[in-house]
Amino acid sequence: MANGKKRIEQLRALVDYHRGLYHTHDAPEISDEAYDALVRELLDLENKEGLTTESLTQKVGGAVIEKFKKVKHQTPQWSYDNVFNFDELTKWYEKLERFLAGVGYNGPRAYTAELKIDGLKIILVYEKGVLVQAATRGDGSVGEDITHNILEIKSIPKKISAPVNAIVVGEAWMQKSDLEKINSERNKNGEQLFANTRNAAAGSLRQLDANVTRGRNIQTFIYTIDKLVDAKGKNIHPNTQSGSLAWLKENGFSVNDKTKLLKSISDIEKYYQKYIPIRDSFEYGVDGVVIKFEDLVLSERVGYTAKAPRFAIAYKFPAEEVTTIVEDIAVQVGRTGAITPVAHMRPVLVAGSTVARATLHNIDEIHRLGLKIGDTVILKKAGDVIPEIMRVLIELRTGSEKTFHMPKKCPECGKEVVQKTNSIGEQSVAYYCPNKNCPAQILGQLIHFVSKKGLNIVGLGDRIIEKLLEENIITTALDIFKLKKSDLVNLEKFGDKSAENTIDSIAQARTTTLARLIYGLGISHVGEETAMLIANTCNKPNEFLHLDSDTLVAVDGIGGTVADSVLDWLSEDANVELYKKLLAELTITEVVKSSNKLSNKTFVITGTLPTLSRDQAKQLIQDNGGKVAGSVSAKTSYVLAGTEPGTKYKDAQKLGVQIIDEVEFLKLIK
DNA sequence: AGGCCTCGAGTTCA
DNA sequence: CTCGAGGCCT
């Protein structure tokens, strides 16, 4: 890439800037993960350009703030190299194996795996068993003296019973619950909030006034012994990492209890995988796993590279925030004609899967972000699955970025695009294609018709419908029921067996409920719930065609807007015609309720249930006369919670709503 | 009119 | 899951 050099310059400046905010001011603008992504790109580029020696990234990182006394570390404070996936881990592992062979070792392999705590590294010096100095890591060779603050931390022994001279290293961190309390306090006082627990911990320890530190309830985990000699000056440093941890624990230090001694790389991977899903469940932040060779004597012989130990590695959890480049912005036309801009990006791995597209919702979102085509962006995939562009890194612009404009004409049918107006006549942010016969809308309607909550025709996916439309084999929902096996077999990539299966599932879908049919019609404002309400007011399927405004509005949950929308749909002859013909093809069955045990009860489901799927649970609740809502409120009767519940669980606790598990739930309907 | 609550619609990848 | 807006209650 010809722009490589320029980008390196820009990346260096940006990385430097954010490193400054991170280390010196404890007030970052971007997340650690996004910062990591920038550093990684810079390293990669430098490697390609052969610039490795002069780069800023070769510095170990950190700077020393003026207001604290400087401390020259007696032992160098390394940071670990990072790996991000099993491949990279394997490479590290094989390299270590080669070094072990190089020093003539071929005994058993053992490694400790520890959680990598997201906090502030602290170095504690004891003389004759008494804590005499505490420092931050700083740049690895010079840190800041924070002894006066460390004395306020309860979990750090000020005196060890044995009169040893020792240097121990660990992490100071803040509990998530404490951060919440402190931030809500700071919010009240109009003070700037801490971005995360690590910044809060760092901010709390880098105080000139130790009284502030005292109130912050800082916690610690100690994990390394750098030096340990007894009163006579004899080296009594344990020979193993587990031994070190045991000594620390015996002598009153706080040691994390998740550490495990492992024997192989596959065990390491298992340990790592085990903690990925539960990493957020601890009071401390965890951003990965640290693997250390168990034998410390051999470790020293294996030694160090220019900037990190060879015998240990930080195996970082998959990032939920990364950087990538927006290569294009395209638009999509949905079922309702809504035109949504979508960013097409250089594919990146985020939270375990490769992402290349992200919705931008509407033009306002693009303006809010200040996004142009060609921009480098920070991409996030939090808890959920849906990627979101968080921020544009304007500093990395080259000048060749292009501004995106909403198309004036629908890209699918060429019809002039319109902006919808809302109830008070303002133009809303959404753009629409007004053409009801727009191919994109017809496709969307059909996909909706066969969807799970609609007629539920499995085996008739988006692609197949698209193909069938393209080939003019179907034009309306009705045609689906006229499909023959031969129609499908002629399609590309369609085998005999799968065609048969699809025909089978179409046959099965002929027996359905009125609610499913009405939902499937895709009338605007009529979703799953409203379709059910309408179906329940019709004694016979035919009555749907003769609904009037009064009848509709009389239904609890239906107002003017929804009623108008339904009547609007019914006023079109083609729609009425389609409905009649569909009825002729279908067998409408009554919904049979098994009981009314749950009538007047509203449920909210969260997390994964042990045996029931979410939909099965929902079905059970509805079959027994209950309702299922999407969010917890004061009116919720029960929250049905499984493992890894979401925010709903907390909401329930806050509102005092009864929380039940699957077993208790099944008892309710028994 | 304002404040809840609930529903609809859009959304990504394997 | 989240946003926005419809419906209903006060």
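List of remarks:
- Computed from phi, the 3J(HN,Hα) profile of the stretch A:648-655 under the Karplus parametrisation 6.51, -1.76, 1.60 (θ = phi - 60°) reads 4, 4, 5, 4, 4, 4, 4, 8 Hz, with x in place of Gly and Pro.
- Pairwise centroid distance, computed over Cα atoms, of the stretch A:487-538 with the stretch A:142-202, Å: 59
- Those Cys residues of chain A for which no other cysteine Cβ falls under 4.7 Å: A:538
- Cα-based helix-to-principal-axis angle, A:614-623 vs chain A, degrees rounded to 10: 50
- Computed on chain A, with alpha-carbon pairs under 8 angstrom and 6+ residues apart, the relative contact order is 9 percent.
- Scaling against 2.2 N^0.38 Å puts the C-alpha radius of gyration of chain A at 1.21.
- The alpha-carbon of residue A:402 sits under 15 angstrom from the alpha-carbons of these aspartates and glutamates, leaving out residues fewer than 8 places away in its chain: A:327, A:328, A:375.
- Value of Rg/Rh across the stretch A:581-639 [Cα atoms, Kirkwood radius]: 1.11
- Full extension of the chain segment joining residue A:472 with residue A:608 gains 44.7 nm, where the gain is 0.36 nm per residue of separation less the Cα-Cα distance.
- The charge dipole of chain A, taken about the Cα centre with unit charges on the Cβ atoms of Lys, Arg (+1) and Asp, Glu (-1), comes to about 1800 debye, rounded to the nearest 20.
- Computed over the Cα atoms of the stretch A:602-669, the ratio of the radius of gyration to the Kirkwood radius (Rg/Rh) comes to 0.92.
- Mean residue ellipticity, 222 nm, helices only, chain A: the sum of -39500 (n - 2.57) across DSSP H runs of n ≥ 4, divided by residue count and rounded to 500, is -10500 deg cm²/dmol.
- 10 Å-binned pair-distance histogram of the stretch A:398-524 (Cα, whole percent): 11, 33, 27, 18, 9, 2
A short reminder: the numbers here are calculations on the coordinates, not readings from a lab. None of these values were measured; they are calculated from a predicted model. Here Cβ is always computed from backbone atoms with ideal geometry, including for glycine, and neighbour counts include all displayed protein chains.
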